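Notes follow the structure.
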Amino acid sequence: MKKKLAALLCGVMCVGAFTGCSSTELAYLQMSKDMLDTMEACKVEGTMQAEVDFDALQGFAKDVAKATDGKFDADFDGTEMPSGKKSVTVEYDMNMNINTLEYDMAFDVTYEGKKYDLGTMYYSMTDGVYVTSDTLWGAYQMAGSFMKDYEDSYLFSDAFAKDLKAVLAADPYIELVSMGDMTGVDMDAAMPQNGMGDLYDAVMTFYEDVLDGFETGMVKEISGGYAIQADGREVAQLLLDLLDFVAKNPEQVINATEAYMDAVMEQVPAGTAEEAAVAKQEMAAMFAEARASQNDFVAAVKDMSTFLKGTLQDKSVAMILDSFTYKAEVKKAGDGFDSTATYDLTNKGKKVLHLTSNSTMKQSAVTVTMPKKAVSIDDLTAKLEALENKYNPVTGVTMGWGYDGASNEADLFKTREEAVFFGSNYDWTELIVKDGRAYLPLRVICDALGENVGWENATKTPYVMQNGQRIDMKGLLQDGRAFVGVRDFEKLGYTVTYTSYEDGYKEAVIAR
């Protein structure tokens with residue numbers, strides 16, 4: 001129960017950030033709710049701009065590392081980091097249906113005076129997350145501007161770019177996340193019966209009840225709206241104050257949260273009527289247990305507060321907090337809303353990072369149409385890995401086994417001429433150790449090395465084809481799989497190096 005209560009507390013802290021129950025703070029929250037109520041179908045346009053001084057960032061990273069008293073390496077040379085001041089601007093145009101939690105967002109990025117089209121992203125609470133293939137193509141083109149150290153790599157060669165563009169053009173849409181696969185829940189059935197409006201009311205009531213008596217002083221009324229301003233120290237103190245408030249008012253927090261969860265369960269169906277009744281009984285039992293163990297709740301809160309206070313005493317943490325400031329404004333503008341936000345990171349009087357965002361939200365009869373057909377991220381990854389193997393082939397593999405006495409599994413590490421960009425150089429596989437000799441799965445090793453494996457059923461003989469010639473690779477057969485001795489890979493023209501260590505760990509390097 002203590003862990004459940006701690007998780008509950010984290011949720012309360014997240015929703016309470018920068019807000020309390022002063023008249024100004026409640027009015028600000030009401031404006032936020034009005035935005036959601038009136039903007040059920042809307043268009044949002046905005047820009048985000050980041051200005052980074054990479055020289056100052058490198059100095060800041062060194063200072064933070066030094067402040068850790070040797071816990072981290074302060075030797076930060078920034079060889080793969082740009083130098084000087086850089087600016088990145090993101091422009092986006094979004095159609096959004098808040099009531100159904102769907103949106104599509106087209107965006108462009110401008111870096112060093114060049115604009116990159118990053119296509120469109122689609123999000124649906126019931127369907128998942130999709131992007132256009134233009135998104136990946138634009139990101140690839142933009143990466144060429146960032147990754148100057150790799151300008152001579154195969155990754156940015158004309159031949160690779162041509163093949164990559166062809167792969168992406170074959171499928172205009174890419175499914176990044178399937179909501180059903182990710183949650184295992186029928187999201188259509190899990191949506192509120194009456195849309196999101198009643199839930200917004202429940203959230204507002206939750207704020208008022210759970211934070212009754214708590215004020216932050218960070219929200220100010222301005223002409224047409226509200227402003228929030230805080231620095232890193234104030235944010236840290238806010239969290240400590242909120243923890244203290246919750247520790248002194250555990251029953252208030254529990255009661256408000258139970259009322260909110262009841263409201264959610266009324267709006268979101270929990271299966272059949274019988275299943276819904278059982279869910280409500282379980283929820284009531286959980287909160288009854290919470291009330292009966294308020295001392296545990298308070299103890300968990302105080303443990304969090306003690307941990308946070310200790311963290312804030314760390315020199316490196318204090319340095320980061322002292323460097324950070326945040327400002328935001330939300331205003332009513334005609335039939336819509338305008339919002340701005342600014343984030344700054346400063347070190348020793350130098351501006352390290354300056355991030356600004358501006359957006360305008362207006363009512364609009366928009367329609368969000370989700371892609372009907374898309375390539376899965378797994379299928380796309382397989383195609384990209386095939387490109388990787390074509391232009392950056394594996395030159396050898398290192399197998400390791402016997403760690404902690406295990407002798408039926410081996411780690412497999414692939415060696416290439418360049419770093420891998422798509423996929424991974426690590427894998428694992430089974431192996432057989434018999435009469436002191438290690439046998440590796442032929443197909444797994446040959447697939448990694450790009451060799452073609454065949455099988456002659458009449459003689460039960462596996463073989464490898466090289467330059468039109470067949471090379472038999474006899475060994476052991478187990479569960480329909482062929483395993484061959486480590487040294488047998490020398491038949492294919494590879495050099496095999498075998499090492500046995502005192503701790504029982506074995507290593508075989510198969511290289512061209």
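Taking only protein heavy atoms and a 1.4 Å probe, the accessible area of segment 281-381 is 54% carbon and sulfur. With the whole protein complex present, Tyr403 retains an accessible surface near 140 Å², based on a 1.4 Å probe.
Here is the tail figure for segment 439-500: Cα pairs spaced more than 16 Å apart come to 40 percent of all pairs.
Rounded to the nearest 10 degrees, the angle from helix 294-312 to the longest Cα principal axis of the chain is 70 degrees. Residues whose amide H lies under 5 Å from that of Tyr116, counting only those 5 or more places away or on a different chain, are Val109, Thr110, Tyr111; hydrogens are built 1.01 Å from N in the peptide plane.
For the chain, the longest principal axis of the C-alpha atoms and the axis of helix 158-169 are separated by about 60°.
Between segment 101-144 and segment 385-405, what is the C-alpha centre distance in whole Å? The distance from the Cα centre of segment 101-144 to that of segment 385-405 comes to 32 Å. Taking Cα centre as origin and charging only the Cβ of basic (Lys, Arg, +1) and acidic (Asp, Glu, -1) residues, the dipole magnitude of segment 281-382 rounds to 520 debye. Calculated [222 nm] ellipticity per residue, helices only, for the chain: -12500 deg cm²/dmol; basis is -39500 (n - 2.57) per DSSP H run with n ≥ 4, divided by all residues, nearest 500. Under 8 Å for C-alpha pairs, at least 6 residues apart: give me the relative contact order for segment 347-462, rounded to a whole percent. Computed value for segment 347-462: 18 percent relative contact order. Comparing Phe156, Val129, Tyr116 along the charge dipole axis of segment 113-170, the residue lying farthest to the positive side is Tyr116, per the Cβ-charge model. Taken about its Cα centre, the chain carries a charge dipole of about 1240 debye when Lys and Arg each add +1 at the Cβ and Asp and Glu each add -1 at the Cβ.
A simple rule links phi to the HN-Hα coupling: the Karplus curve 6.51 cos²θ - 1.76 cosθ + 1.60 with θ = phi - 60°, which for segment 430-438 gives 7, 8, 10, 10, 9, 6, x, 10, 8 Hz, with x for Gly and Pro.
For the listed residue pairs Lys33/Lys373; Lys33/Lys351; Lys114/Lys148; Lys85/Lys148; Lys315/Lys350, the alpha carbons are over 27 angstrom apart in Lys33/Lys373; Lys33/Lys351. Remark: the Cα gyration tensor places segment 254-342 in the oblate category, a/c being 1.5 or greater and a/b not exceeding b/c. So what is the relative contact order for the chain, in percent, with contacts set as C-alpha pairs under 8 Å and at least six apart? Relative contact order, the chain: 16 percent. Electrostatic tally near Gln141: other residues with Cβ closer than 11 Å to its Cβ, Lys and Arg +1, Asp and Glu -1, net +1. In summary, the convex hull built on the alpha carbon positions of segment 319-421 has an orientation-averaged projected area of 15.8 nm². Overall, the accessible surface of segment 420-512 at a probe of 1.4 angstrom is composed of carbon and sulfur to the extent of 45 percent. Taken over the C-alpha atoms, the chain has Rg and Dmax values of 29.3, 87 angstrom. Accessible surface calculations at 1.4 Å, restricted to protein heavy atoms, place the chain at 53 Å² per residue. Rounded if a/c is under 1.5, else prolate if a/b is larger than b/c, else oblate: which is segment 294-363, with a ≥ b ≥ c the root eigenvalues of its Cα gyration tensor? Judged from the Cα gyration tensor, segment 294-363 comes out oblate (a/c at least 1.5, b/c at or above a/b).
The relative contact order of segment 410-512, computed from alpha carbon pairs under 8 Å that lie at least 6 residues apart in sequence, is 16 percent. Note on the chain: dipole from Cβ charges, positive end direction compared against Ala458, Tyr173, Thr360; the farthest Cα belongs to Ala458.
Say R0 is 51 Å: what FRET efficiency, to the nearest 0.05, do Tyr154 and Ala259 get from their beta-carbon distance? Computed FRET efficiency for Tyr154 and Ala259: 0.30. Which aspartates and glutamates have a Cα less than 13 Å from the Cα of Lys66, not counting those fewer than 8 places away in the same chain? Result set, ordered by chain and number: Asp75, Asp314. Roughly to the nearest percent, how much of the accessible area of segment 203-270 is carbon and sulfur, given a 1.4 Å probe? Carbon and sulfur atoms account for 46 percent of the accessible area of segment 203-270. Computed from backbone phi, the HN-Hα couplings of segment 51-62 come to 10, 10, 9, 5, 5, 5, 5, 5, x, 5, 4, 5 Hz, rounded to whole numbers (Karplus: 6.51 cos²θ - 1.76 cosθ + 1.60, θ = phi - 60°; Gly and Pro given as x). Projecting the Cα positions of Ser339, Gly349, Gly310 onto the charge dipole of segment 303-354 (unit charges on Cβ atoms of Lys, Arg, Asp and Glu, taken about the Cα centre) puts Gly349 furthest along the positive direction. Cross-link partners for Lys506 among the aspartates and glutamates, with Cα-Cα distance under 20 Å and sequence neighbours closer than 8 places in the same chain left out: Asp404, Glu409, Asp411, Asp427, Glu430, Asp435, Asp488, Glu490. Straight-line reach from Lys220: taking Cα to Cα under 17 Å and skipping same-chain neighbours fewer than 8 places apart, the aspartates and glutamates in range are Glu25, Asp231, Glu234, Glu329, Asp338.
What whole-number distance in Å separates the alpha-carbon centres of segment 464-507 and segment 268-344? Cα centroid to Cα centroid, the span is 56 Å.
Counting only Cβ charges, +1 for Lys and Arg and -1 for Asp and Glu, the dipole size of segment 73-165 around its Cα centre is about 260 debye.
The values are calculated or read from the model by the stated rules, or taken from the named source; none is laboratory data. In this text the structure is predicted, and so the values were computed from the model without any measurement. Heads up, the Cβs are rebuilt from the backbone with ideal geometry, glycines too, and the neighbour counts pull from every protein chain shown. Surface areas here come from the heavy atoms of the whole protein model, side chains and all, with no ligands, DNA or RNA. Shrake-Rupley method; radii C 1.70, N 1.55, O 1.52, S 1.80 Å.
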